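The values are calculated or read from the model by the stated rules, or taken from the named source; none is laboratory data. Every value quoted in this text rests on a predicted model; they were computed, and no experiment measured them. Using ideal geometry, Cβ is built from the backbone for each residue, glycine included, and neighbour counts are taken over all protein chains shown. In case anyone asks, the SASA skips ligands and DNA or RNA and just uses the protein heavy atoms, side chains included. Shrake-Rupley method; radii C 1.70, N 1.55, O 1.52, S 1.80 Å.
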There are 2 protein chains.
Amino acid sequence: MQPKLKDIANALGVSPASVSNALRGTGRVSAELAERVRAEADRLGYRPGPAGRALRTGRSQMLGLILPDLSNPLFPRMAQAIQRQSETAGYGILIADSHGDRGGQEEAIARMLQRGVDALVIIPRRGTVIETLPVPHALIDTPSTPGNTVSADHRGGGATIVRHLAERGHSSLVLIGDSDASPVQRDRIAGMRESLGEGMTATTAWLEEDGISTCLEAIGRGATAIATTSDLVALQILGPLNEAGIEVPEQVALSGFDDLVFASVMRPALTTLVADSNAIGSHAIETLTAILEGRPSPPPMRVPMTLIPRASTALKTNPRQETIPC
Amino acid sequence: MQPKLKDIANALGVSPASVSNALRGTGRVSAELAERVRAEADRLGYRPGPAGRALRTGRSQMLGLILPDLSNPLFPRMAQAIQRQSETAGYGILIADSHGDRGGQEEAIARMLQRGVDALVIIPRRGTVIETLPVPHALIDTPSTPGNTVSADHRGGGATIVRHLAERGHSSLVLIGDSDASPVQRDRIAGMRESLGEGMTATTAWLEEDGISTCLEAIGRGATAIATTSDLVALQILGPLNEAGIEVPEQVALSGFDDLVFASVMRPALTTLVADSNAIGSHAIETLTAILEGRPSPPPMRVPMTLIPRASTALKTNPRQETIPC
DNA sequence: CTGAAAGCGCTTACAG
DNA sequence: CTGAAAGCGCTTACAG
């Protein structure tokens, strides 16, 4: 049986109120009594039970984390960062995924609220708008999403990879994503387009819309670099490129996004960009705990994406090279 | 403000006790009153608050999930399966990871207990023994781990891939894992070794112990197939093979384990084996809820691993082919 | 069949 | 500085 507050009070012949005050540093308690209480609490290994505290304070000391899809390879890092940060802040993390659809997201939020979470961290489904919620919440989506609390600077990442390719002599690019229904992917592509330099051209393609063909055609017309919105997209393009006899990076440069687990280990190793998940997680948690604890809450934050140059874009390309027959 | 039990009682002019009994189907309540209570509860959108219930019943209706490392690519699927199953059973899931070491695992367990979880699902760190715990727990490790509740049949998976390779004419194999400190990997390799047929030979290697060199040497001596313990290991071997001028699957067959996200999309697509995460998750949750709710708890379970044949082992190999110069 | 009462373990005004 | 009391929202014996 776990020791209770009353056990300490009885052992010391004082009231439970004084024990509680001594342990929390609230109310007036003499230093001497406080010390005796702490010693006895340590001896017994006492920890306040969550149920009694929650009932009295109205706070569960738990945060809910809503993910669109736990099996998405990008989310584990976020979940890990958020879990560790919230633990440091003294909150537990309840998880739920949105079961792949929008109704699922609303249900997941409703379940979390019923379980009494003090606040929510939400990584929303593509383009979902979060209605008013009865608890504070932090949104991790894209800087262009209204109400976004913190996220990677996807647009800046797009700009960075295009500059990287430009420095290597690439002037004709293919920009390719999975789906333009994704705000994250749209922002990455937008950032790429915005920073095309003088004389640079780019074809945009989406995997959903026969993007592989579009991509191969553009290469046939002289494109020398493919900037994708995700390592997974890059990996999916590698096969068709090989089959078409196009070598990476010798004939075409290729880049990804997110530094997924296979990016460093595939051949050629994939140039990619990644944001610091811990920075994102800690800003989300800091924002929430600030609100919960009455501190001033920080402004929204945009975490930069860092380029990780690898073999897939290592070669300098002569912008006037012959076009590859397709 | 969320409606309380008392609000329903007041609105109907009955006691909170009757409302509680009506809603839970316990105690004696007339059908007529039960119906009125349900109607009013629906109208108000009443849900019992978790704090009051937890304090009274001693149950939090939450399960803790302890993972060695949330960022491990294998765990998201498990976490997702467990989360969904426990949700169906009416339990929330608190997550914690072990921060990469054994002490971290013990701390994570202690934190979960302090938060009042009713039971734990533990995917233990390599070779960790779980001491006695004050709540029921389900262990997901390997069938050979004492106290294991449910897990994939890693040994059977090893046997399956070796038979698959044997059918394709391979008789000289390399079996390679990351680390023999991992019970899962040891079981997979053991299953492989056990089912080597007549006249088959195999070299075992570990990445940790310069396994790549061992592997290349074995191929130099005539091995025609590499069975790895993980898709990630297979991916890591592909580069050195390419550099050595060894083609997959033309000269050497290659297989993985776990069907990670890149396995189907890499080139060549990777033959692999996978267990049904939902089956594992639901057995773990069923075991725990059975104990918590006083039902007979099911025996330990071993979930079969299914072969997913892909291009990387598609070719029949002549066992007497020339050896490749190394 | 129904309701009044007690109590789960805490914290927080409040009185002394 | 310290303690007695009330109460957070529920559920469960128990009395009527």
Quiz item: Just from its helices, what would the mean residue ellipticity at 222 nm be for chain A, if runs of 4 or more DSSP H residues each count -39500 (n - 2.57) and the sum is divided by every residue, rounded to the nearest 500 deg cm²/dmol?
Solution: -12500 deg cm²/dmol
Quiz item: Taking H as built 1.01 Å from N, whose amide H comes closer than 5 Å to the amide H of A:Ala152, not counting residues under 5 places away?
Solution: A:Val303
Quiz prompt | Cα long-axis angle, helix A:277-292 against chain A (0 to 90 degrees, to the nearest 10) | solution = 40
Practice problem: Tell me the distances, shortest first, between A:Pro299 and the same position across the other copies, using label points 7 Å along Cα→Cβ, in nm to one decimal. | Solution: 6.5
Quiz item: Once Lys and Arg get +1 and Asp and Glu get -1 on their Cβ, which of B:Gly222, B:Gly177, B:Ala244 lies farthest toward the positive end of the dipole of chain B?
Solution: B:Gly177
Quiz prompt | Rounded tilt (10° steps) of A:31-44 against the dominant C-alpha axis of chain A | solution = 70
Exercise. Step through the residues of region B:220-234 one at a time and calculate ³J(HN,Hα) from phi using the Karplus curve (6.51 cos²θ - 1.76 cosθ + 1.60, θ = phi - 60°), rounding each to whole Hz and writing x for Gly and Pro.
Key: x, 8, x, 5, 10, 8, 10, 9, 9, 9, 6, 4, 5, 5, 4
Exercise. State the answer as a single residue: which of B:Gln105, B:Thr201, B:Leu94 lies farthest towards the positive end of the charge dipole of the protein assembly as shown, with beta carbon charges of +1 for Lys and Arg and -1 for Asp and Glu, about the Cα centre.
Key: B:Leu94
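For a quick check of your reading of the filter: which GluC sites (Glu not before Pro) in region A:88-174 sit in a DSSP loop and have no more than 16 other Cβ atoms within 10 Å? Intermediate values should be presented prior to the final figure.
Numbers: sites: A:Glu106, A:Glu107, A:Glu131, A:Glu167; in loops: A:Glu131.
When the GluC sites (Glu not before Pro) of region A:88-174 are filtered for loop state and at most 16 Cβ neighbours within 10 Å, A:Glu131 remain.
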Quiz item: What's the angle, to the nearest 10 degrees (0 to 90), between helix A:75-88's Cα axis and the longest principal axis of chain A?
Solution: 30
Practice problem: Hey, can you grab everything whose amide H is under 5 Å from the amide H of A:Ile176? Only 5+ residues off in sequence or another chain; H modelled, so Pro and N-termini drop out. | Solution: A:Ala205, A:Ala227, A:Thr228, A:Thr229
Quiz prompt | Other copies of A:Arg24: label-to-label distances in nm, shortest first, labels 7 Å along the beta-carbon direction | solution = 2.7
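Can you give me the orientation-averaged projected area of the convex hull built on the Cα atoms of chain B, in nm²? Walk me through the intermediate numbers first.
Numbers: hull surface 82.9 nm².
Here the figure is 20.7 nm², rounded to one decimal.
With charges only on Cβ, +1 for K and R and -1 for D and E, what is the dipole size of the protein assembly as shown about its Cα centre, in debye, rounded to 20?
It comes to approximately 2480 debye.
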Quiz item: Rg(Cα) of region B:40-135 divided by 2.2 N^0.38 Å?
Solution: 1.24
Quiz prompt | For region B:151-161, Karplus couplings with θ = phi - 60° (6.51, -1.76, 1.60), whole Hz, Gly/Pro x | solution = 6, 5, 7, 4, 5, x, x, x, 5, 4, 5
Quiz item: Which Rg and Dmax, in Å, describe the Cα atoms of region B:5-48?
Solution: 8.9, 24
Self-check item: Size of electric dipole in chain A: Cβ of Lys, Arg +1 and of Asp, Glu -1, about Cα centre, debye, nearest 20
Solution: 1460
Exercise. Would you kindly work out, in nm and rounded to one decimal, the distances from the label point of A:Asp210 to those of the same position in each other copy, ordered shortest first, with label points 7 Å along Cα-to-Cβ?
Key: 5.4
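Counting other Cβ atoms within 10 Å, keep those with at most 12, restrict to DSSP loop, and tell me which trypsin sites (Lys or Arg not before Pro) in region B:5-102 are left.
Those that pass, being in a loop and sparsely packed, are B:Arg28.
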Practice problem: Could you check the simple spin-label distance between B:Glu243 and A:Ala39, using points 7 Å along Cα→Cβ, in nm with one decimal? | Solution: 6.4
Quiz item: Ignoring any ligand, DNA or RNA, what whole percent of the accessible area of the protein assembly as shown comes from carbon and sulfur when the probe is 1.4 angstrom?
Solution: 50
Exercise. State the volume of the convex hull built on the alpha-carbon positions of the protein assembly as shown, expressed per residue in Å³ and rounded to an integer.
Key: 191
Quiz item: Mind listing the phi-derived Karplus ³J(HN,Hα) values for region A:53-60, rounded to whole Hz, using 6.51, -1.76 and 1.60 with θ = phi - 60°, and x for any glycine or proline?
Solution: 4, 4, 5, 6, 8, x, 10, 9
Quiz item: With no solvent and one point on each alpha carbon, what is the Debye value of log10 I(q)/I(0) for region A:91-209 at q = 0.11, 0.13, 0.19, 0.20 Å⁻¹?
Solution: -0.49, -0.63, -0.98, -1.05
Self-check item: Cα-only Debye scattering, region A:204-289: base-10 log of I(q)/I(0) at q = 0.12 Å⁻¹
Solution: -0.43
